[in-house]
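Asker: Quick one: this structure, given as structure tokens, is what I'll be asking you about.
The values are calculated or read from the model by the stated rules, or taken from the named source; none is laboratory data. Note that the structure is predicted; figures quoted are calculated from it, not measured. Positions of Cβ are generated from backbone atoms using ideal geometry, with glycine treated the same way; all protein chains shown enter the neighbour counts. The accessibility values were calculated without ligands, DNA or RNA, using every heavy atom of the protein model including side chains. Shrake-Rupley method; radii C 1.70, N 1.55, O 1.52, S 1.80 Å.
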Amino acid sequence: MKPVFLLILSPLVWLAAVLSLAIADLVCALSKQKAGSSPGAARRTACATSSASVVIPNWNGRDLLERYLPSVVTALAGNSENEIIVVDNGSADGSAEFVRQAFPGVKLLALDRNLGFGGGSNAGFHAAKNDIVVLLNSDMQVSPDFLAPLLEGFRDETVFAVSCQIFFRDPAKLREETGLTQGWWEDGGLKVRHRADAAIADLFPCFYGGGGSCAFDRRKFMELGGFDELLAPFYLEDTDLGYMAWKRGWKVLYQPRSVVYHEHRGTIGKRFSEVQIQAVLKKNYLLFCWKNIHDWRRLGAHFFFSYAGALVSLISGDAPGRANLDGWWGAFRQLSGAVRSRARARRLAVVDDTEAFRRPLGGYFWDRFGAGRSVTAAAENRIRVLFVSPYPICPPVHGGGVFMYQTLRELARLATVHVVSLLDHASQAPAQEELRSFCASAEFLVRPPIHRGTLGTIEPHAVAEFANGDLDWLIHRQIYLHRIDVVQLEYTPLGQYAHAYRRIPAILFEHDVYFQSIARGLPHMPGTLAQIKARYEYLRALRYELNMLPRCDRVQVCTRENLEYLAGFLPRIRGRLQAGLRAGIETGRYGFSASGREPFTMLFVGSFQHPPNVVALDWFVHEVLPRILSRRPEARLVVVGSDAPQRHPYPDRASAIEIRGFVEDIREPLARFAVFVCPVRSGSGVRVKLLEAFASGIPAVSTRIGAEGLARQDAEFCLLADQPEAFAEKVLRIFDDPRAAADMATRARSEVEANWDMGAITARLVDSYWDAVREKEPTSPLARDPLSTA
């Protein structure tokens with residue numbers, strides 16, 4: 001139809017679709033209420049797994065049958081109970097006669113007309129004699145041993161389908177399909193893709209089984225009604241069926257040991273143009289939603305985004321994955337069929353849309369269906385932890401890196417730890433290999449740069465920076481493969497991966513309270529524009545953090561002050577806030593030396609990538625250092641930290657300031673210089689640098705924010721000052737009275753040994769993991785007392 005006419009008609013088409021589905025749902029709801037009925041129980045049937053029927057739909061594909069059917073015959077030979085059925089969809093190229101003559105042992109079902117992929121497949125299922133039916137495209141070559149691994153998947157009576165691993169016959173082609181399917185809901189529509197993941201070597205959940213390379217439980221297939229003619233002539237019939245199966249309470253699995261080779265679009269691509277294929281896809285994506293999405297919050301988003309997308313396509317042209325008016329018109333013409341299919345789908349569903357999208361993901365699948373989960377962990381008294389970091393862990397060049405690295409070293413002695421870490425670039429990967437020496441496994445993923453602005457969204461920039469579909473997939477995959485009991489997420493931005501597990505605690509360590517850190521930095525923002533941006537980020541961070549934290553089963557914070565601050569905003573999660581489990585260091589790694597230090601030297605430690613460190617150093621150099629030099633011209637400041645600028649940032653003070661940058665071992669400068677300065681004026685959490693200074697015996701001067709959670713009284717563990725004059729005086733006091741400074745440093749070392757030692761802290765951390773599992777699932781084998789011998 002012409003675009004102008006479609007545009008005029010489109011509001012009525014949109015309204016008719018909305019009202020039709022709403023009325024259909026209302027009728028379904030009233031009929032259920034009147035009859036007092038509820039969805040019937042999903043069939044749990046045990047399949048006979050000793051044999052299978054292979055169904056191959058064909059339409060004018062004689063050449064394909066000639067090339068690929070022999071591989072199927074070979075693979076099924078040796079078992080007389082196996083059968084092959086070629087369903088010929090009224091071909092005009094002599095396909096039927098060719099099969100009769102060349103393959104007399106193959107059962108031929110010759111139809112008088114083309115019923116399409118779905119209709120022909122349904123006919124083959126009706127004719128099949130075995131409980132398991134393997135559906136293959138006519139352009140599919142199978143490996144000789146492809147069948148047995150497929151049949152293994154049906155030992156679980158709740159399995160609906162098991163999909164093969166697909167390779168293209170042409171290895172030069174981009175591998176667009178693998179059999180490992182993923183589906184998700186985004187911007188009001190279904191999104192699907194195939195993943196290639198070599199780490200998956202056996203049965204693994206997937207979103208749907210590809211119709212041309214998948215085995216099905218025949219009785220379950222018939223219970224769902226087979227492939228829906230609503231989606232004829234092709235595409236999304238298998239996706240529709242897989243989604244219905246998940247909503248029915250069944251499972252769809254991927255079996256990488258069953259290998260097939262596909263001549264991509266060997267049939268459809270020869271008979272239909274790319275324009276025709278895209279038109280069918282756009283229509284069917286709409287019809288999929290109209291049939292299967294029963295949550296009106298999702299459906300409302302669908303109608304908004306799909307219609308808006310169609311208007312955008314009218315103006316700027318079609319784009320893959322975006323609706324257009326032709327697709328809307330094509331779907332509208334099948335609206336009555338969509339309503340009928342929707343009614344049937346609603347009757348069959350036993351779980352909602354949200355749960356149906358979750359269950360095919362590895363983490364959710366293990367959480368929901370992990371049979372006998374945690375028995376091994378309970379028997380071995382070793383809990384299995386997935387530790388996820390948004391930053392490289394080795395070498396530990398920043399405070400959070402120190403916390404993570406030293407926690408992992410201790411945790412790996414007490415638990416089975418698997419690590420997932422994001423990297424900024426591939427060159428950081430070799431350094432991370434050290435983790436494999438003491439962790440059970442380690443996976444690294446290079447984080448792609450953000451190419452979109454975030455000012456126009458309500459999502460904080462720091463969260464958008466770590467929103468990564470590949471990371472989410474990797475987390476789910478590791479949970480499934482390693483039978484994870486606890487997910488430990490590092491830093492606020494990773495709170496977005498605290499999923500709604502029923503039995504697996506999702507625990508977040510807030511290295512600092514993000515919105516508090518932004519608020520403290522506001523007074524130090526240079527310029528009006530920077531202040532406006534920071535205030536906007538603060539509001540976004542506040543909204544995000546206060547909505548995200550209640551989804552976590554535990555929230556670890558560095559200090560009691562952090563705990564009370566968060567509890568003031570979220571009193572209902574006070575019982576889930578935990579201090580004293582993560583902020584610490586391996587005290588024994590730091591040699592204590594309170595004397596023999598170079599006189600009149602000061603040490604500043606901090607990564608230049610962390611804005612609070614830059615603000616702190618600027619303040620110290622411009623406001624404090626001149627006051628010190630006026631009294632002690634020979635004084636010298638040494639600056640240690642990663643990512644130092646190539647040029648000296650303070651050329652006018654270059655004679656008094658040495659910029660060392662990154663050092664391999666921080667313990668050397670900590671043992672050498674006379675005063676540790678921590679002039680931090682923003683940020684949140686515990687300063688690892690100050691813990692390291694306390695452990696090393698270097699007397700310290702800090703602001704109260706810098707020493708938050710570590711020192712509350714001046715001169716107990718360090719000297720405290722917030723004004724430039726007072727800060728300078730405290731540094732000079734240490735210069736002038738090294739004996740008193742050494743006594744203070746000795747008290748600081750004792751404080752770290754007693755309350756901040758990583759060994760003792762991590763032992764308490766493991767106990768908290770056991771408690772979290774016990775609270776989450778009281779009947780789990782892990783929920784017993786971990787010290788019990790019962």
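Asker: Measure nothing but the geometry: give the 0 to 90° angle between the long axis through the Cα atoms of 335-348 and the longest principal axis through the Cα atoms of the chain, rounded to 10°.
Answerer: 70
Asker: Working out 0.36 nm times the residue gap between Ala440 and Asp187, then minus their Cα-Cα distance, what length gain in nm do you get to one decimal?
Answerer: Length gained between Ala440 and Asp187: 87.3 nm.
Asker: At a probe radius of 1.4 Å, what is the per-residue accessible area of Ile518, in Å² to the nearest 10?
Answerer: About 20 Å², ignoring ligands and nucleic acids.
Asker: A further question on this structure: Just one of (1) 27.9, 99; (2) 32.1, 99; (3) 32.0, 105 is Rg and Dmax of the Cα atoms in Å calculated from these coordinates, so which is it?
Answerer: Step by step, Rg and Dmax of the Cα atoms in Å for this structure corresponds to label (3).
Asker: Specify the longest stretch of the chain that does not include any exposed loop site, a site being one of the GluC sites (Glu not before Pro) with a non-H, G, I, E, B DSSP assignment and at most 16 other Cβ atoms within 10 Å.
Answerer: 177-464
Asker: Taking Cα atoms, how many degrees apart are the long axis of helix 758-776 and the longest axis of the chain, rounded to 10 and kept between 0 and 90?
Answerer: Approximately 40 degrees, to the nearest 10.
Asker: So for the chain, averaging the separation of alpha carbon pairs under 8 Å that are six or more residues apart and normalising by length, what relative contact order in percent results? Mind dumping the intermediate values first?
Answerer: Values: 1500 pairs, mean separation 74.6, N = 790.
Once divided by the residue count of the chain, the mean separation gives 9 percent.
Asker: For the chain, give the share of DSSP beta bridges that are antiparallel, in percent and rounded to the nearest 5; count only bridges with both residues there.
Answerer: Here the antiparallel bridges make up roughly 20 percent for the chain.
Asker: In whole Å, what is the distance between the alpha-carbon centres of region 166-226 and region 124-152?
Answerer: Rounded to whole Å, the Cα centres lie 15 Å apart.
Asker: Oh, and also: Could you derive backbone 3J(HN,Hα) for region 625-632 from the dihedral phi with the Karplus parameters 6.51, -1.76 and 1.60 (θ = phi - 60°), listing whole Hz in sequence and x where the residue is Gly or Pro?
Answerer: Taking θ as phi minus 60°, the curve returns 4, x, 5, 5, 5, 5, 9, 10 Hz for region 625-632.
Asker: Using a probe of 1.4 angstrom, how much of the accessible area of region 298-345 is carbon and sulfur, in percent?
Answerer: Answer for region 298-345: carbon and sulfur cover 63 percent of the accessible area.
Asker: Next question, about the same structure. Enumerate the amide H contacts of Ser258 below 5 Å, restricted to partners 5 or more residues apart or on another chain; note that Pro and chain-start residues carry no placed amide H.
Answerer: Under 5 Å from the amide H of Ser258 lie the amide H atoms of Gln165, each far enough along the sequence or on another chain.
Asker: While we're looking at this one, here's another question. Give me, ordered by chain and number, the residues 5 or more places off Leu423 or on other chains with an amide H under 5 Å from its own placed amide H.
Answerer: Leu445, Val446, Arg447
Asker: In whole Å, how far is the Cα centre of region 330-362 from that of region 734-770?
Answerer: 59
Asker: Separate question: Go through Trp296, Trp770 and list them by solvent-accessible area, largest first, probe radius 1.4 Å.
Answerer: On the way: Trp296 90, Trp770 5 Å².
Order by accessible area, largest first: Trp296, Trp770.
Asker: Is there a pair in Lys191/Lys291; Lys291/Lys776; Lys220/Lys282; Lys220/Lys247 whose C-alpha atoms are over 24 Å apart, and which pairs would that be? Please report the intermediate quantities before stating the final value.
Answerer: Numbers: Lys191/Lys291 16 Å; Lys291/Lys776 35 Å; Lys220/Lys282 28 Å; Lys220/Lys247 13 Å.
Flagged as over cut-off: Lys291/Lys776; Lys220/Lys282.
Asker: Among 138-147, 17-26, what's the highest-first ranking by average C-beta atoms within 10 angstrom per residue?
Answerer: Highest mean packing first, the order is 138-147, 17-26.
Asker: OK, next. Which whole-number percentage describes the relative contact order of region 257-371, with Cα contacts under 8 Å and a sequence gap of 6 or more?
Answerer: Here the relative contact order equals 28 percent.
Asker: For the chain, what does -39500 (n - 2.57) per DSSP helix run (n ≥ 4), summed and divided by total residues, give at 222 nm, in deg cm²/dmol to the nearest 500?
Answerer: -13000 deg cm²/dmol
Asker: If one takes the longest principal axis of the Cα atoms in the chain, at what angle in degrees, from 0 to 90 and to the nearest 10, does the Cα axis of helix 237-248 lie?
Answerer: Result, in degrees: 70.
Asker: Next up: Probe radius 1.4 Å, ligands and nucleic acids left out: which of Lys776, Lys533 has the largest accessible area, and how do the rest follow?
Answerer: The most accessible residue leads, giving Lys533, Lys776.
Asker: With an 8 Å cut-off on Cα pairs and a minimum separation of 6 or more residues, tell me the relative contact order of region 131-241 in percent.
Answerer: 34
Asker: Let me ask you something else. Taking amide H positions as placed in the peptide plane 1.01 Å from N, state which residues far from Val55 in sequence (5 or more) or on other chains have amide H under 5 Å from it.
Answerer: So Val55 has HN proximity to Ile85, Val134, Leu135, Leu136.
Asker: Among the lysines, which have Cα under 23 Å from the Cα of Lys730 when same-chain residues fewer than 8 positions away are ignored?
Answerer: Cross-link targets: Lys689.
Asker: Please report Rg (one decimal) and Dmax (integer) in Å for the Cα set of region 1-149.
Answerer: Considering region 1-149 through its Cα atoms, Rg and Dmax are 22.1, 63 Å.
Asker: Kindly write out, for region 698-705 in residue order, the coupling ³J(HN,Hα) from the Karplus curve 6.51 cos²θ - 1.76 cosθ + 1.60 (θ = phi - 60°), rounded to whole Hz, with x marking Gly and Pro.
Answerer: Couplings: 8, x, 10, 10, 9, 6, 5, 5 Hz.
Asker: Give, in nm to one decimal, the length gained when the segment between Ser630 and Gln531 is fully stretched (0.36 nm per residue of separation minus the Cα-Cα distance).
Answerer: Length gained, Ser630 through Gln531: 32.3 nm.
Asker: Let me ask another. Along its three principal axes, how long is region 386-460 when you only count alpha carbons? Whole Å, largest extent first please.
Answerer: Result, largest extent first: 46, 25, 21 Å.
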